[in-house]
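Novice: First the structure, then my questions, so here it is.
The values are calculated or read from the model by the stated rules, or taken from the named source; none is laboratory data. The structure presented is a predicted model; accordingly, all values stated were derived computationally and were not measured. Here Cβ is always computed from backbone atoms with ideal geometry, including for glycine, and neighbour counts include all displayed protein chains. Only protein heavy atoms, including side chains, enter the accessible area calculation; ligands, DNA and RNA are left aside. Shrake-Rupley method; radii C 1.70, N 1.55, O 1.52, S 1.80 Å.
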Amino acid sequence: MGLPVTVYRWDDAGAPQLSTNPTPTEIIAVIKACLVTGYGAKAGLGWSVAFENVGTNKVAFRNSTFEGSGGYVQFWSTDGSNTAGKPLYIRAASAMSSLDNFIHPSSRFLHYNSSANNQWVIIGTSASVYIIPKISVINTNYLSSGYNEVSYFIGDLDSNYANDVTRFTICACNFSGEMTGVNYSNSLSYGGSSACGIMYGVDGNVKSNTHSINFGDVSVQQVNSNYTLEEQSINPVLTPVHILMTTKSSTDIDGLSCVFSNKNPWYRGLVPGLYGMQFCGYGSQEWPLERTWNGATYLLLRGYFNGTWLNITEWY
């Protein structure tokens with residue numbers, strides 16, 4: 001059996017709220033409530049606070065050491081301030097000794113923050129989470145390129161290797177290098193195939209290679225489609241989202257081609273619960289839009305393309 005998924009939303013009873021123009025402190029409080037402390041009738045996901053400096057708006061969380069890898073992720077205000085609308089940097093690591101001290105650090109991502117992103121959704125397990133800084137002024141599934149609702153993943157990949165030491169990471173689309181800003185194309189709802197940061201050796205070696213996120217050959221990117229699966233009588237084909245090295249010419253810690261390596265392998269695994277589809281649609285319909293297939297419930301991730309679905313029943 002996999003890990004059960006919990007959906008946290010700003011409109012839950014007792015949920016922490018963001019102000020009209022959120023501050024880093026407010027965003028950190030929301031994430032802490034979902035991962036650690038819980039709120040209302042919902043318990044936290046079983047993560048812990050590893051390190052925190054309230055004065056500099058900096059915190060590191062750790063996922064479960066029993067059901068997960070015990071990996072770390074740090075959030076911090078981009079300039080240390082608690083200014084309204086200030087974004088947050090994010091970095092994942094297999095281990096940390098203190099704030100800002102990372103072992104196997106991921107590329108740096110950025111949590112987008114503005115007066116429009118004053119609602120939130122966090123969906124996760126004890127091993128990983130999806131974070132959505134939701135835009136409150138639009139209710140439809142389709143979001144034009146002017147709206148940055150950048151959904152992203154933090155946690156353990158569903159690795160192809162049982163003892164993958166460095167499987168804890170950040171996944172997003174068009175995520176290349178140290179991010180200083182984000183836009184609509186960085187959201188997981190964007191789909192396609194694109195850069196997805198760096199990863200290290202399965203055995204914990206320090207060789208890093210650039211990786212890509214791949215939504216599958218049958219998935220499509222169609223802008224602002226209002227068709228539905230039901231109206232078109234199309235059977236959904238859900239394709240698991242893969243993580244693999246950007247180039248097959250990459251080499252491992254020993255200089256061996258990654259396609260032959262079990263230390264820094266070319267194909268790493270899946271992003272848990274995330275699927276691409278051969279169909280984009282439901283653009284004008286209101287979010288959230290859910291469908292149940294084969295006993296599991298899936299949520300359509302809204303954005304510029306509407307062909308990415310997240311299983312909200314069970315992962316791994």
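Novice: Cα centroids of segment 1-32 and segment 242-316: how far apart, whole angstrom?
Specialist: With segment 1-32 and segment 242-316 each reduced to a Cα centre, they are spaced 23 Å.
Novice: A further question on this structure: Using a Cα-Cα cut-off of under 14 Å, which aspartates and glutamates could be cross-linked to residue 42, ignoring same-chain neighbours fewer than 8 residues away?
Specialist: 11, 12
Novice: Determine one quarter of the surface area of the Cα convex hull of segment 105-155, which equals its mean projected area, and express it in nm² to one decimal.
Specialist: Details: hull surface 17.6 nm².
Answer in nm², one decimal: 4.4.
Novice: Another question, if that's okay. To the nearest 10 square angstrom, what accessible area does residue 249 show with a 1.4 Å probe?
Specialist: Using a 1.4 Å probe on the heavy atoms, I get roughly 100 Å².
Novice: By accessible area of protein heavy atoms, probe 1.4 Å, what ranking do 75, 102 get, highest first? Before the final figure, lay out each step's value.
Specialist: Working: 75 0, 102 50 Å².
The residues order as 102, 75, largest area first.
Novice: Output ³J(HN,Hα) for segment 28-33: one whole-Hz value per residue in order, computed from phi by the Karplus curve 6.51 cos²θ - 1.76 cosθ + 1.60 with θ = phi - 60°, and x for Gly and Pro.
Specialist: The phi angles translate into 4, 4, 5, 4, 5, 5 Hz.
Novice: Less than 19 Å apart at the alpha-carbon level, and either on another chain or at least 8 residues along: which lysines does that give for residue 207?
Specialist: Leaving aside lysines fewer than 8 places away in the same chain, those within reach of residue 207 are 248, 263.
Novice: Here is a follow-up. Let me spell out the model: positive unit charges on the Cβ of Lys and Arg, negative unit charges on the Cβ of Asp and Glu, origin at the Cα centre of the chain. What dipole size does that give, in debye rounded to 20?
Specialist: On the way: 16 positive and 21 negative charges, 79 e Å.
With Lys and Arg at +1 and Asp and Glu at -1, about 380 debye.
Novice: Take the Cα of residue 296, step 7 Å along the line toward its Cβ, and report every residue of segment 178-193 whose backbone nitrogen sits under 19 Å from that point.
Specialist: Under 19 Å, as judged by backbone N against the label point of residue 296, lie 188-192 of segment 178-193.
Novice: In whole percent, and with a 1.4 Å probe on the protein chains, what portion of the accessible area of the chain is carbon and sulfur?
Specialist: Values: 5960 of 12270 Å².
Ligands and nucleic acids excluded, carbon and sulfur reach 49 percent.
Novice: Rounded to whole Hz and in sequence order, give me ³J(HN,Hα) for segment 148-164 from the Karplus expression 6.51 cos²θ - 1.76 cosθ + 1.60, θ = phi - 60°, writing x for Gly and Pro.
Specialist: Once rounded to whole Hz, the list reads 9, 9, 8, 6, 8, 10, 9, x, 7, 5, 7, 6, 6, 10, 4, 10, 6.
Novice: Under a 1.4 Å probe, what is the accessible area of the chain per residue, stated in Å²? Could you put the intermediate results ahead of the total?
Specialist: Details: 12270 Å² over 316 residues.
Result: 39 Å² of accessible area for each residue.
Novice: Another question about this same structure. In the calculated pair distance distribution of segment 31-153, what percentage of Cα-Cα distances lie above 20 Å? Intermediate results must be reported in sequence, preceding the final value.
Specialist: Numbers: 3478 of 7503 pairs.
I get 46 percent for the Cα pairs in segment 31-153 exceeding 20 Å.
Novice: For Cα pairs less than 8 Å apart in space and 6+ apart in sequence, what is the mean separation divided by the residue count of the chain, i.e. the relative contact order in percent?
Specialist: Working: 881 pairs, mean separation 48.7, N = 316.
Relative contact order for the chain comes out at 15 percent.
Novice: Can you compute the radius of gyration and Dmax for segment 183-316, using only the Cα atoms, both in Å?
Specialist: Cα radius of gyration and Dmax of segment 183-316 are 16.9, 54 Å respectively.
Novice: Test of understanding: what is the full-extension gain from residue 237 to residue 176, defined as 0.36 nm times their sequence separation minus their Cα-Cα distance? All intermediate terms of the calculation are to be shown ahead of the outcome.
Specialist: Values: separation 61, 0.36 × 61 = 21.96 nm, distance 2.87 nm.
Result: 19.1 nm gained on full extension.
Novice: Protein chains only, probe 1.4 Å: how do 218, 73 rank by accessible area, largest first? Write out the running numbers ahead of the final one.
Specialist: Working: 218 70, 73 0 Å².
Solvent-accessible surface, decreasing: 218, 73.
Novice: Of the options 190, 151, 113, report the single residue whose Cα projects farthest towards the positive end of the charge dipole of segment 71-200 (beta-carbon charges: Lys, Arg +1; Asp, Glu -1).
Specialist: Positive-end residue among those listed: 113.
Novice: Under 26 Å Cα to Cα from residue 86, which lysines show up? Leave out anything in the same chain fewer than 8 places away.
Specialist: 32, 58, 134
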